[in-house]
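Quick notes on the structure that follows.
Bear in mind these aren't lab numbers, they're just calculated from the coordinates by the rules spelled out. Only a predicted model underlies this, so the values are computations on that prediction, with no experimental measurement involved. Glycine gets a Cβ as well: all are built from the backbone with ideal geometry, and neighbour counts include every protein chain shown.
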Amino acid sequence: MSATARLFVISGPSGSGKSSLISDVLKELKHFEKSVSVTTRYKRNGEEQGRQYNFVTEEQFKDMVEKDHFLEWAEYAGDYYGTPTEFVEKKLEQGINVILEIEVKGAMQVKGKMDNAYFIFILTTNINELKERLVNRGTNRAEEIEKRLLVARQELEHKKHYDCIIVNNNYNEALENLKTVLKKVAGKDNRK
């Protein structure tokens, strides 16, 4: 594994803005790539197979678990998510920093396996702001939103296990903070 490549684990409650922040930061930083997770979740409008996620059936997912294909995996709000080990290892060996956007249970699995990983937690000012974002994005049914808020409350208990916390109450400020942390920890010239 390259001594200069790092694994970055980014977690935060659903609706905290982590996906948007990661997407925008990747447009500006070189030597960084986001791992595409495998999930059993339904594909939302505008999502493409292999871009946001690799969508599989629950049976396929469980087969991958049995064959030990995941660096981490977990169930989240009724669906399964996992990070393919092979992708992460190949990128790190190539000197490319890898960003994992995963939930807290998965992050804690990675913490136990990857000594050099750096953990970032994204959150909003409060749970009401989180609920408003989930409702406004219009991609989740009411019962899913309630499930996600329940999980969010549990996830917030784990933020103390992260190396860095970024509050996303001003998107541009949160984006700059994330960029700064990634560049500093990676220790490379990451300007495009």
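Relative contact order for the chain: what is it in percent, counting Cα pairs under 8 Å that are at least 6 residues apart? The partial results should precede the final answer.
Numbers: 306 pairs, mean separation 66.8, N = 192.
So the answer I get is 35 percent.
What would the Debye formula give as log10 I(q)/I(0) at q = 0.17, 0.19, 0.21 Å⁻¹ for the alpha-carbon point model of the range 21-73, no solvent?
The Debye formula, applied to the Cα set alone, gives -0.65, -0.76, -0.86.
Which residues' amide hydrogens lie under 5 Å from the amide hydrogen of E33, considering only partners 5 or more residues apart or on another chain, with H built in the peptide plane?
It is N97, V98, I99, by chain and number.
Using every alpha carbon pair in the range 78-170, what percent of pairs falls into each 10 Å bin from 0 up to the bin containing the largest distance?
In order of increasing distance, the bins hold 13, 41, 32, 14, 0 percent.
With both bridge residues required to lie in the chain, what share of the DSSP beta bridges run antiparallel, to the nearest 5%? Show your work: numbers first, answer last.
Details: 9 of 28 bridges.
Of those bridges, close to 30 percent are antiparallel.
Which cross-chain or sequence-distant (5 or more) residues have an amide H under 5 Å from the amide H of F70, H modelled 1.01 Å from N in plane?
Amide H neighbours of F70, under 5 Å, 5+ apart: T85.
Taking the structure as given and computing volume of the Cα convex hull per residue in Å³, which label from [x] 156; [y] 137; [z] 117 fits?
[z]
Given a cut-off of 20 Å, name the pairs among K62/K91; K91/K183; K160/K183 whose C-alpha atoms lie farther apart than that in the structure shown. Walk me through the intermediate numbers first.
Values: K62/K91 25 Å; K91/K183 17 Å; K160/K183 22 Å.
The answer is K62/K91; K160/K183.
Hey, fewest Cβ within 10 Å first, where do T85, T57 land in order? Walk me through the numbers on the way to the answer.
Values: T85 15, T57 9.
In increasing order of surrounding Cβ atoms, one gets T57, T85.
Let's see if you can work this out: charge +1 on each Lys and Arg Cβ, -1 on each Asp and Glu Cβ, no other charges. What is the dipole magnitude of the chain about its Cα centre, in debye to the nearest 20? Could you put the intermediate results ahead of the total?
Values: 31 positive and 30 negative charges, 130 e Å.
The dipole of the chain has a size of about 620 debye.
Among the GluC sites (Glu not before Pro) within the range 17-54, which fall in a DSSP loop and have no more than 14 other Cβ atoms within 10 Å of their own Cβ? The partial results should precede the final answer.
Numbers: sites: E28, E33, E47, E48; in loops: E47, E48.
Listed in order of number, the matching sites are E47, E48.
Per residue of the range 30-39, what does 6.51 cos²θ - 1.76 cosθ + 1.60 with θ = phi - 60° give for ³J(HN,Hα)? Whole Hz please, x for Gly and Pro, Karplus curve as stated.
Residue by residue, the range 30-39 yields 9, 6, 10, 9, 8, 6, 8, 6, 9, 9 Hz.
Using the crude model of +1 on Lys and Arg Cβ and -1 on Asp and Glu Cβ, and no other charge, please compute the dipole size for the range 86-176 relative to its Cα centre, in debye to 20. Show your work: numbers first, answer last.
Details: 14 positive and 16 negative charges, 49 e Å.
My answer is approximately 240 debye.
Long-range amide H contacts for Y76: which residues qualify at under 5 Å (H placed 1.01 Å from N, peptide plane, sequence gap of 5 or more or a different chain)?
When sequence neighbours closer than 5 places are left aside, the close amide H contacts are Y81.
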